Structures are given as structure tokens and as C-alpha cells.
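*Asks:* Got a structure for you, questions after.
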Amino acid sequence: MFDEPDDAMTLYLWQNANTVVVGRNQNAWRECRAALLEQEGGRLARRTTGGGAVYHDLGNLNFSFACKREAYDLARQTSVILEAVRALGVDAMFSGRNDLVTSDGAKFSGNAFRFTKHSALQHGTLLVNVEMDRLARYLAPSPEKLRSKGVESVRARVKNLSEYGPHITVKSVRDAVANAFFGEYGAYEVRAVEEFDAQKLARLYERNASWEWRMGATPQFDASLETRFAWGALEVQLSVENGRVARAAVYSDAMDEAFIRKLAPALAGARLEGSALAERIQKIGCENLEIAADITAWLSSKTF
């Protein structure tokens, strides 16, 4: 997109199905129910821009403005989106650092930005007819106690544009954005995705789809798990770096203190996933089958 003349502006309209996207410096576990999302067929993604976590489905339309730094003009680019929404009969404005809101204060778009030495990017969401129950269910922190050094999202009241009239659909919004883009930037050329470098896209996909990027790129944070079994109470404190347990501490009033002491070192290095933690306990389970079975079942049920 950036291999264009200095004054060129590229507008890219796109969609994701059932996806939560977290910001570059966010704790994925703190921002969403990642395990629940993936259990229900969704996907978690991490973008290279800052900002908060957002939910995408096919009732949402995403936009990206990509250009050389010389051509970047936030007010001009944002005016394209605002004019498109206003053309559909919804009074809207820019609010705060990165939100687009309606005149009644409801957020329908969040924006994020990235700058390199020579290029610039603005992108955002447009909530048209998003499944709000899924948005609310997934954009909720893990039920476990997490203390994060990452950037947390600011929760705002959100609203679908379709609530302002049945004529507002993803197609009508897409057409309105294209018309507003033409009005602001003049004649444009439409390119198909197939015209871009397929090998480069494949490399980017491999990197962005990896666990190391989506989850492992999470800033350092702590997780705390507590429960009680017939044999005693159990508290597990985890320090997580790059999505893996860097350090663990386990506290319990269980009688088999020797086995309890082996739990913390067994957890070190595991991914912060219930199944991965449980697998570590299974490996030492022969030393106390009852306690190991209880802890394994408990950890397996965790959806961080």
C-alpha cells in the first residue's frame, strides 16, 4: 500500500468474522475471554497499532487509510468517515483521542494509528450491525485475578449505526464511504487483493497468526488462581512473560507438602493455557494421584 506516489492515499475496506483484535501493547488475557472466543469458533488477533481491544464480525466494517507521511492528514481522513455517516442521516463527530461518536454520545468507531519513518496508517471500526451480545461476552477480562503492566481498554457505551434506521447496512455504509472518499480525494482506482504480493502476504499471515505474536507478545503480568479441594486449599501465583509462566509460587495447607513443593517448578515455562498447565501437573502426577487428578481437572477447566 505504501509503494505509491508521495501524495497518494489508499483506502482499504475490510471485514473479519467473529474476531477480537487487541492493541499492540495489550494483555490479551486481560482484555478478552480468548479461550471462550476460540472455543466458540472465533479468533484472536493482535495488531501492530496501539489502542484498545475491539470485536469484529460481519456486521462491522473496517477501514484503513495508508499513505506516505507527507500525505497524512488525520482531519481530512476522518472527515471521509464522518461525511459518509452523516450522508446516511446520522450526526457524528470525532471525540477524545480516537473515537467517533453520534450526537447522543454513543461510540460507533474506534481508531488506531501507526507511523514509520516514511509511511502512516490510520484504521478503525464501524459498528453497523454487530452482535452486541457476543461483543459483551468476549470483551470481558478473564475471571481469574490478573495484574497487568499492559495498556487496558477504556470501556465506552457503543451502539450500532443500524439502530438509527433500517436503511443503514454494511453495504450502504461501504458505498457511502466510497462516495465520501471520492468527494474528498477525487477519482480513484479500485484494486483487487490479488494484485498484492501473495508471498509477502503469506509471510505476514504466518507471523500474525502465530501464538507467539497473538499471545506471547503480551507484556509481563501476574495471574492468581485459588480454589479448595477435599484435601485442602490451593493458591497458585503465576508471573507471566511472553505468554509463558516465568515464575510460579504455590501455597496450600495440604498434608503432602513435599508434592505441593514440586508444583511450582513443574509449571515454569508452560503457556498460560489451562490445558498446558494441566499437562505439566500430569507429568508429576504419579507421586500423588489424588491431588494431581484434582489439580489437573481444575486447571483444564480454566479459560484465561
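Read-outs: derived from the displayed coordinates by stated rules, not from any lab. Keep in mind that this is a model prediction, so the values were computed, not measured. Counting neighbours? That spans all protein chains shown, and the Cβs are built from the backbone with ideal geometry, glycine included.
*Asks:* Of the peptides 234-243, 29-38, how do they stack up when ordered by the mean number of other Cβ atoms within 10 Å, highest first?
*Replies:* Peptide ranking by packing, descending: 29-38, 234-243.
*Asks:* Kindly express, to the nearest 10 degrees and within the range 0 to 90, the angle between helix 74-87's C-alpha long axis and the longest C-alpha principal axis of the chain.
*Replies:* On a 0 to 90 degree scale, this one is about 80.
*Asks:* Follow-up question, since we're still on this one. Can you give the angle from 0 to 90° between the axis of helix 170-185 and the longest principal axis of the chain, with both taken from C-alpha atoms, to the nearest 10?
*Replies:* 50
*Asks:* Quick check: from the Cα gyration tensor, does region 1-139 come out rounded (a/c under 1.5), prolate or oblate?
*Replies:* It comes out oblate by the Cα gyration axes.
*Asks:* Taking 0.36 nm per intervening residue step and subtracting the Cα-Cα distance, what contour gain separates R97 from R191 on full extension?
*Replies:* The R97-R191 span can extend by a further 30.7 nm.
*Asks:* Using alpha carbons only, how many angstrom separate the centre of region 67-89 from the centre of region 7-64?
*Replies:* Answer, in whole Å: 21.
*Asks:* Among R157, R244, R137, which one shows the biggest mean-square fluctuation in a GNM of the chain, springs joining Cα atoms closer than 10 Å?
*Replies:* Largest GNM mean-square fluctuation: R157.
*Asks:* Select from A278, A202, A270 the residue whose mean-square fluctuation is largest in a Gaussian network model of the chain (Cα-Cα springs shorter than 10 Å).
*Replies:* Comparing A278, A202, A270 in the GNM, the peak value goes to A202.
*Asks:* Determine the distance separating the Cα centre of region 110-143 from the Cα centre of region 239-260; give it in Å without decimals.
*Replies:* After rounding, the separation between the Cα centres reads 35 Å.
*Asks:* Among M132, M215, M255, determine the one that fluctuates most according to a GNM of the chain built with springs between C-alpha atoms less than 10 Å apart.
*Replies:* Highest fluctuation among the options: M255.
*Asks:* First measure r as the distance between the Cβ atoms of L74 and R261, then evaluate 1/(1 + (r/R0)^6) with R0 = 35 Å and state the FRET efficiency to the nearest 0.05.
*Replies:* Calculated value: 0.05.
*Asks:* Separate question: When every alpha-carbon pair in the chain is counted, what percent end up more than 31 Å apart?
*Replies:* Percent of Cα pairs beyond 31 Å in the chain: 40.
*Asks:* Would you mind calculating the relative contact order of region 9-214 from Cα pairs under 8 angstrom and at least 6 residues apart, reporting the percent as a whole number?
*Replies:* 26
*Asks:* Let me ask something else. At 0.36 nm per residue, and after removing the present C-alpha to C-alpha distance, how many nm does the segment from A140 to A45 gain when stretched out fully?
*Replies:* Here the segment from A140 to A45 would lengthen by 32.6 nm.
*Asks:* Given 0.36 nm per residue, what is the gain on full extension from S224 to A249 after removing their alpha carbon distance, in nm?
*Replies:* Contour length minus the Cα-Cα distance gives 8.0 nm.
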